[in-house]
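Structure first, commentary second.
The values are calculated or read from the model by the stated rules, or taken from the named source; none is laboratory data. Predicted model only: the values in this text are computed from it and were never measured. Don't worry about glycine lacking a Cβ; one is built from the backbone with ideal geometry, like all the others, and counts go over all protein chains shown.
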């Protein structure tokens, strides 16, 4: 059958067609691939820990011994129970091991192949997509909507809710790997247990990408004239292993983006931070309204010069970074 899109895969796997016995689970989200493959195995057999029911094979080994897969798939369990085989696809092609199964499907055995981002014209994928007893399950990073549903589901298990701003923030920090996302949400659940509702400060304290939030706070402090925020968050960035490249580079990107947005708004090509910026959208829109294009050009010059100076004098890089952000904050205070 044709490939099952990532967004439709969970619904499909809850009740797959009964004739399907062979699954190729592939894509760019390794955590989601593993999660879905394990879900297929758990549905296929009674006990994944039972070696008579569950077997894991390596694709490279099957490439060297193609007949082994058919032998294993057609082996009758000692106790007559259903069986499942999970194949870790390696670097070598093992299509020759799959073809006998396509020609003569085993009884009571489900075969699952975990693979990476296989191209649509790859021989293995082409073979499975044209067979009605096989399914190709795509696994790509969760969309913001998928992440929001995952967050609500995981928090709901512990009777936790989440503030809208906190949800938007958390969504922006997750998504490249399903298992990693679940891990971060799990830590958040433990941290906020008993609080009733997850707030922004909980996420800032516990989520792995919180160092990026510190960068945002320092940059926002600079563009809003908040000297205290600059000092406190810059100190945190440096103490956690960050350096001037991370902080000044992020500040320069922020200034450059604002400058482009401001010019677009002045020429009628756009207005505000539209789409794609998640929880940062409102902040970007506010900064764009507060800063003129001329002031933003000066901020870009200040930050660019600071990056060059910090490179030439690495021993003074932290001081140079803070002073550059102070200069931007002074410009923010100055309405001229």
Given the structure, is residue 28 assigned by TED's automatic domain parsing to the domain that holds residue 119, within 19 Å of residue 182 (Cβ to Cβ) and surrounded by 14 or more Cβ atoms within 10 Å (Cβ to Cβ)?
yes
Pairing a residue in the stretch 154-178 that is more than 27 Å from residue 39 (Cα to Cα) with any residue that is assigned to a loop (DSSP other than H, G, I, E, B), where Cβ atoms lie under 7 Å and the two sit 6 or more apart in sequence or on different chains, gives 163/199; 166/199
With a cut-off of at least 3 residues that are modelled with pLDDT of 90 or more and touching a helix residue (DSSP H, G or I) at 6+ places or on another chain (Cβ under 7 Å), name the helices (runs of 4 or more DSSP H) lying wholly within the stretch 1-81.
30-44, 67-73
If residue 145 satisfies all but one of (1) surrounded by fewer than 16 Cβ atoms within 10 Å (Cβ to Cβ); (2) within 28 Å of residue 21 (Cβ to Cβ), what's the number of the condition it fails?
(2)
Inside the stretch 148-185, the number of residues satisfying the requirement of being outside any loop (DSSP other than H, G, I, E, B) and either outside the structural domain of residue 201 (by TED's automatic domain parsing) or on the phi > 0 side of the Ramachandran plot (or both) is 0
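So, of the residues in the stretch 314-330 that are at pLDDT below 90 and surrounded by fewer than 19 Cβ atoms within 10 Å (Cβ to Cβ), which turns out to be farthest from residue 264 (Cα to Cα)? Show your work before the answer.
Going residue by residue through the stretch 314-330, those that are at pLDDT below 90 are 314-315, 317-318.
Adding the requirement that they be surrounded by fewer than 19 Cβ atoms within 10 Å (Cβ to Cβ) leaves 314-315, 318.
Numbers: 314: 37, 315: 39, 318: 34 Å.
Going through the qualifying residues, I end up with 315.
Applying the selection to the stretch 173-190, what residues are touching a helix residue (DSSP H, G or I) at 6+ places or on another chain (Cβ under 6 Å) and either buried (at least 19 other Cβ atoms within 10 Å of the Cβ) or farther than 24 Å from residue 282 by Cα (or both)? If you could, list the steps in order and put the result at the bottom.
Start the filter on the stretch 173-190 by keeping residues that are touching a helix residue (DSSP H, G or I) at 6+ places or on another chain (Cβ under 6 Å), which leaves 174-175, 177-180, 185, 187-188.
Once the filter is applied, which keeps residues that are touching a helix residue (DSSP H, G or I) at 6+ places or on another chain (Cβ under 6 Å) and either buried (at least 19 other Cβ atoms within 10 Å of the Cβ) or farther than 24 Å from residue 282 by Cα (or both), the stretch 173-190 yields 174, 177, 178, 179, 180, 185, 187, 188.
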Is it fair to say residue 5 is exposed (fewer than 15 other Cβ atoms within 10 Å of the Cβ), closer than 26 Å to residue 146 by Cβ and in contact (Cβ under 8 Å) with a residue 12 or more places away in the chain?
yes
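So for the stretch 92-105 (the condition being in contact (Cβ under 8 Å) with a residue 40 or more places away in the chain and either in the same structural domain as residue 173 (by TED's automatic domain parsing) or surrounded by fewer than 20 Cβ atoms within 10 Å (Cβ to Cβ) (or both)), does at least one residue qualify?
Here is the first cut: in the stretch 92-105, the residues in contact (Cβ under 8 Å) with a residue 40 or more places away in the chain are 98, 101-102, 105.
Keeping just the survivors that are either in the same structural domain as residue 173 (by TED's automatic domain parsing) or surrounded by fewer than 20 Cβ atoms within 10 Å (Cβ to Cβ) (or both) gives 102, 105.
Yes: the stretch 92-105 contains one or more residues that are in contact (Cβ under 8 Å) with a residue 40 or more places away in the chain and either in the same structural domain as residue 173 (by TED's automatic domain parsing) or surrounded by fewer than 20 Cβ atoms within 10 Å (Cβ to Cβ) (or both).
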Residue by residue through the stretch 121-140, note down the ones that are touching a helix residue (DSSP H, G or I) at 6+ places or on another chain (Cβ under 8 Å), surrounded by fewer than 21 Cβ atoms within 10 Å (Cβ to Cβ) and closer than 13 Å to residue 5 by Cα.
140
